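Trainee: Quick one: this structure, given as structure tokens, is what I'll be asking you about.
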Amino acid sequence: MRFVHLVVLSLLAASVPARAQLLEKKSLSLEAARRVVAAAIEDAKGKAGTAVVAVVDDGGNLMALERLDGTFAAGAHVSIGKARTAALFKKPTRVFEEIIGKGRTAMVAVDDFTPLQGGVPIVIDGQIVGAVGVSGAASAAQDEEVAIAGANAVTSASAEPSAVRQLPGKEVQAAFMKGQPLIEQANYKIHASHRDGPGKVEVHLRDTDIIHVLKGSATLVVGGTVVDGSVTEPDEIRGASVKGGDTRKLAAGDVMVIPAGVPHWFEQVNGALDYYVVKVR
């Protein structure tokens, strides 16, 4: 009876197409890795002018590395460690630095682990294909900004055009009433947002927000340092308020672009505020 059972299982396995027995996996090419480095280096030159950029594949293997003149010698080692940590643990290294800073110091005992801000996974069509690590910029926050600029170079380029979509006006109006997403794709999202009052500080580590105000007015604080910030989900930080920052007035018809990694806070909302948010990766 056991023999018959094994024969049946063998026949069933043979009847399944070979493609169905395998998982499709995207990988980071050397050309893409070089593109990540080039974009990150260009961003670093526009900031402090110093940085070491490392790119690894999803297994943490080094693919590309470049060091700007004047960057401290240990930067290469640190940037590789950040990239490997982001790739192998599938999260930005900022997450781990914040966790350890809150007292979970036992994590530093993990092998091949660099819990320092500046490592960011590279995501293509929802799959993590590698990571980029940056060290040696003017600050830890700048390390991360440079890394995000590098990762975005291939994330945006990989986006494939999808089918044309048209949303009926009633559906759009209903979305504004509820303040909910209209479209969510791998490389962009469109939200129909509604506010009646101020909210929490938001930082999107991978999304650039393009805001178009349709109705109402508000005071928005951008930049600065997040107060009582915490990671609410991967690549998303929320906080109670902002220290410093630039105060802007928003009114109907205004458009504002908030780059990834920049804190922003609706400090004051005057009445009902309706606005589109296009999130681009």
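Trainee: Go through the range 180-211 and report how many residues are closer than 28 Å to Ile124 by Cβ, in a strand (DSSP E or B) and not basic (Lys, Arg).
Mentor: The total comes to 16.
Every residue, every condition in (1) surrounded by fewer than 19 Cβ atoms within 10 Å (Cβ to Cβ); (2) under 17 Å from the mean Cα position of the chain (by Cα), yes or no:
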site	(1), (2)
Arg195	yes, no
Pro198	yes, no
Thr208	no, yes
Thr219	yes, no
Val222	yes, no
Ala251	yes, no
Trp265	no, no
Asp274	yes, no
Val278	yes, yes
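Trainee: Looking at the range 50-57, can you tell me whether even one residue there is touching a helix residue (DSSP H, G or I) at 6+ places or on another chain (Cβ under 9 Å), farther than 22 Å from Ala137 by Cβ and at pLDDT 75 or above?
Mentor: yes
Trainee: Of the residues Phe89, Phe96, Phe113, which single one is in contact with a helix residue (DSSP H, G or I) (Cβ under 8 Å, 6 or more places away or on another chain) and closer than 14 Å to Ser230 by Cβ?
Mentor: Sole residue among the options that is in contact with a helix residue (DSSP H, G or I) (Cβ under 8 Å, 6 or more places away or on another chain) and closer than 14 Å to Ser230 by Cβ: Phe96.
Trainee: Considering only residues that are surrounded by fewer than 18 Cβ atoms within 10 Å (Cβ to Cβ) and polar (S, T, N, Q), which ones fall in the range 45-66?
Mentor: Asn61
Trainee: Within the group Thr114, Thr85, which residue is among the hydroxyl-bearing types (Ser, Thr, Tyr) and outside any helix (DSSP H, G or I)?
Mentor: Selected residue: Thr114, the only one of Thr114, Thr85 that is among the hydroxyl-bearing types (Ser, Thr, Tyr) and outside any helix (DSSP H, G or I).
The values are calculated or read from the model by the stated rules, or taken from the named source; none is laboratory data. All values reported here derive from a predicted model rather than from experimental measurement. A quick note on method: Cβ atoms are made from the backbone with ideal geometry, for glycine too, and the neighbour counts reach across all protein chains shown.
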